[in-house]
Amino acid sequence: MIPEIGTGALAVGAALALYGAVAAAVGAGTGRPALIASAQHAALAVFALVTGCVLLLASAFLTFDFSVRYVAIQTNLATPFYYRITAVWGALEGSILLWAWMLTLYTLVMVLRHRAQRALYPWALAVMLGIVAFFLVVMTIPAPPFERLTPVPPDGRGLNPLLEDTGMITHPVALYLGFTGFSVPFAFALAALITGRVGDAWIATTRRWTIIAWYFLSLGLLIGGWWSYHVLGWGGYWAWDPVENAAFMPWLTGTAFLHSAMIQERRRMLKLWNISLVILTFGLTIFGTFLTRSGVIASVHAFSQGSIGAFFLSFLALVLLGAFGLLAWRWDRLRADGELDSVLSRESAFLLNNLALVAAAFTVFFGTVFPLLSEAVRGVKVSVGAPFFNQVNVPLFLALIFLMGVGPLIAWRRASVENLTRNFLGPVAVGIGAAAVLWLVGVRSTLAVLTLGLTVFTAGTIALDFSRAARTRMRGGLGLLPAMATVLRRHNRRYGGFAIHFGILIIALGVTGSQAWSVQTEATLRPGEAVRLAGYQVRFDGLSAAQDSTHAKVIGTFTVSNGRGEVTVMRPTKKFYPQEQSPIAGVDYRMGLKEDLYLVLGDFARDGSQATVKALVNRLVSWIWIGGLVLTLGALLAIIPDDTRA
């Protein structure tokens, strides 16, 4: 009965979402509160139905109900309990269901939070329910998660081995919360265009929504990097893969919007630009969904090819044409009330920040879609790899680090010589000094020296601003720690942003160190033989075999020692799954603040007489994950309401 109940619930949910979208729009247009209330009830019902569908599908996985095709494909009788839960969203149909559920959750929270507002909220509700309706239609036509399988097989195929990881419960959830979260600012932006209220109200309403969506997308990207690092066995965390790029592009434009929104709030400028950024960010989330699920790209992260590409492409075209059509309709109301007074001003710094972020998004978009365009036009596959993305984007990211330091401290409207000297002389001197020290101690990578010098400069501007604010409080009689707490509590939005910047600087430190100073080697060893790398000796001790519930594995045992006399045993593996033609690497690693040691077992002799091992010493990688923690704390600080009583 599960296939029929689930399919029926999704069809009813799609009808209710479509009805709610129409009712909210008609109620808003005719001033009939009863229709708006009816749309709200429809939103609540849709949330309940989709939640029920998620629970129903989870139940099918937990009970091995192979009458559901999706369950039979994504699990088998040997799949552990934990992975049967994560398998719910492990492939195409389930991921769309999770996406739709999160959309209904955001819609529910929006109803509870904004239902008293009557200016923009009804139209925003109509947009949100329209988006929900589309995703539910997708699940009733091209990608049904409850499709019945006949005859019912005695066992299923099994989960993709790469998805048997704890990251499966955090990475997709965080990423989807980010993607779907951007639908709320988009809905309010369209509501502003429809009603002609294109001032600052929609910006103020959506600020926290945008920060929440941006944070979850950031978290999803970082967890994805960690997953790639410790699961895929290649020793890296970012490969400019098309699916990685699909998530990175809306992050870039969403970051640009968060910065330019401050200019609109302060100077009544960039109205047209901000609405365009929100439309573009939401459009890129749909484009990323199309890339991931249409089968047009080959990626280790992509879902299996489905028939939903045309649906998403059509929806994307409808979204962009409709949104930019509204933008053209309201063009005359989107003129800025203020103007740029000077190139040396905070407005200019934020504008340059926006241009760099959008330029980076464009280059990532171009590099991602160019192979598809080349194959479509010329019939020739062209590869655009990491060298292109690094060469184009590294200068843009360096400019962004510099602007992170300049933007918050330079004066609004027009910066004076006194303002520039007082705010930047010290941080510039510290940054130059740090670069000089690095050069003197033997760092000869110009890019690394420049990056770390800019990072120190920007960190210096953050420290300078915070210390000034704390000293001001201390003059009022507070101690150091109470003064710091008061500054954070009263100006949480500003210093939450600074904490986010500081987290990004720490991430930049980790990326720079891992790119500039990591080393690796590969060797084929007999038992008792060793390979040396960066002060480590890795000795091969032998091979053993083991059987897990879903796979067999060969375990390589290596004794690792260093110059300090520390000894540890590491056991990388090769996993053999019945449903896979090639073995999957199971890496072993030892993490540290300075460096990680990372071992990957390669080919081996069946009699254990020799094995190939790839050893990597990755420098400063742990600082990427530490930066993610700092970014999390900053986002939480920026989201909480301001405490003006402090």
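Every number here is computed from the coordinates shown, using simple stated rules; none is lab data. Just so it is clear, the structure is predicted and the values come from calculations on it, not from any experiment. Backbone-built Cβ (ideal geometry, glycine too); neighbour counts: all protein chains shown.
Using only alpha carbons, the range 497-646 has a radius of gyration to Kirkwood radius ratio (Rg to Rh) of 1.15. Charge dipole of the range 2-340 (Cα centre as origin; +1 on each Lys and Arg Cβ, -1 on each Asp and Glu Cβ, all else neutral): 1140 debye, rounded to the nearest 20. Three principal axis extents describe the C-alpha atoms of the range 101-174; from largest down they are 56, 31, 15 Å. Once both labels are positioned 7 Å from their Cα atoms along Cα-to-Cβ, the gap between Phe366 and Trp439 label points is 3.2 nm. One quarter of the surface of the convex hull around the alpha-carbon atoms of the range 574-637 equals 6.8 nm², the direction-averaged projected area. How much FRET efficiency would the formula 1/(1 + (r/R0)^6) give for Glu418 and Thr472, where r is the Cβ-Cβ distance and R0 is 25 Å, rounded to 0.05? So, using R0 = 25 Å, E works out to roughly 0.85.
Put simply, the amide H of Leu533, placed in the peptide plane, has neighbours under 5 Å in Val538, leaving out anything fewer than 5 places away on its chain. Computed over the range 1-144, the P(r) curve from all C-alpha pair distances, binned at 5 Å from the origin, holds 2, 11, 20, 20, 15, 11, 9, 6, 4, 2, 0, 0 percent per bin. How far is the Cα center of the range 582-646 from the Cα center of the range 111-158, in Å? Between the Cα centre of the range 582-646 and that of the range 111-158, the gap is 35 Å. Comparing Leu525, Leu593, Thr568 along the charge dipole axis of the range 519-620, the residue lying farthest to the positive side is Leu593, per the Cβ-charge model. Run the numbers on the range 519-620 and let me know its relative contact order in percent, using alpha-carbon pairs under 8 Å that are six or more apart. Contact order relative to length: 26 percent.
One equal scatterer on each Cα of the range 59-141, no solvent, Debye formula: the resulting log10 I(q)/I(0) at q = 0.19, 0.20, 0.23, 0.25 Å⁻¹ is -0.82, -0.87, -1.01, -1.11. For the range 208-281, count all C-alpha to C-alpha pairs, find those more than 17 Å apart, and express that count as a whole percent of the total. Here the long-distance tail beyond 17 Å is 51 percent of all Cα pairs in the range 208-281.
So if I take the centroid of the Cα atoms in the range 481-527 and the same for the range 177-194, what is the distance between those two points in Å? The two parts, judged by their Cα centres, are 30 Å apart. Over all projection directions, the Cα-based convex hull of the range 2-340 averages an area of 17.1 nm².
Placing +1 on the Cβ of every Lys and Arg and -1 on the Cβ of every Asp and Glu, with nothing else charged, gives the range 365-507 a dipole about its Cα centre of roughly 600 debye. Simple spin-label estimate for Glu265 and Asp603 gives 6.0 nm between the two label positions (7 Å along the Cα-to-Cβ direction from each Cα).
Look at the alpha carbon pairs under 8 Å that are at least 6 residues apart: their mean separation over the length of the chain gives a relative contact order of 10 percent.
Relative to the Cα centre, the charge distribution of the chain, modelled as +1 at Lys and Arg Cβ and -1 at Asp and Glu Cβ, gives a dipole magnitude of about 1900 debye. Taking amide H atoms as placed 1.01 Å from N in the peptide plane, the amide H of Gly586 lies under 5 Å from those of Thr573, Lys574, Lys575, Leu601, each 5 or more residues away in sequence or on another chain. Straightening the chain between Lys381 and Met1 buys 132.2 nm, computed as 0.36 nm per residue apart minus the Cα-Cα spacing. Each of Ala546 and Ala429 was given a label point 7 Å from its Cα along the Cα-to-Cβ line. The distance between the two points is 5.8 nm. Close lysine pairs were tallied over the chain: pairs 8 or more places apart or on different chains with Cα atoms under 22 Å apart number 6.
Taking the Cα centroid of the range 224-275 and of the range 427-447, what is the distance between the two, rounded to the nearest whole Å? The two parts, judged by their Cα centres, are 29 Å apart. Note that the range 546-551 has calculated 3J(HN,Hα) couplings of 8, 10, 9, 5, 10, 7 Hz, one per residue in order, obtained from phi through the Karplus relation 6.51 cos²θ - 1.76 cosθ + 1.60 (θ = phi - 60°); glycine and proline are x.
Considering only Phe311, Trp227, Gly460, the residue lying farthest towards the positive end of the dipole of the chain is Gly460, judged by Cα position with unit charges set on Cβ.
The alpha-carbon positions of the range 408-484 define a convex hull whose volume is 119 Å³ per residue.
Here is what passes the span test in the chain: the DSSP H helices with alpha carbon length of 24 Å or more along the helix axis and a Kyte-Doolittle mean of 1.0 or above are 2-30, 33-62, 92-114, 121-140, 271-294, 309-329, 346-378, 386-406, 417-440, 622-639.
The stretch between Lys594 and Val152, if pulled fully straight at 0.36 nm per residue, gains 153.8 nm over its current Cα-Cα span. Coordinate range of the alpha-carbon atoms in the chain per principal axis, descending: 79, 72, 58 Å. With a Förster radius of 45 Å applied to the beta-carbon distance between Leu481 and Thr557, the computed FRET efficiency rounds to 0.35. Of the residues Pro242, Leu129, Ala256, the one whose Cα sits farthest towards the positive end of the charge dipole of the chain is Ala256 (charges of +1 on Lys and Arg Cβ, -1 on Asp and Glu Cβ, taken about the Cα centre).
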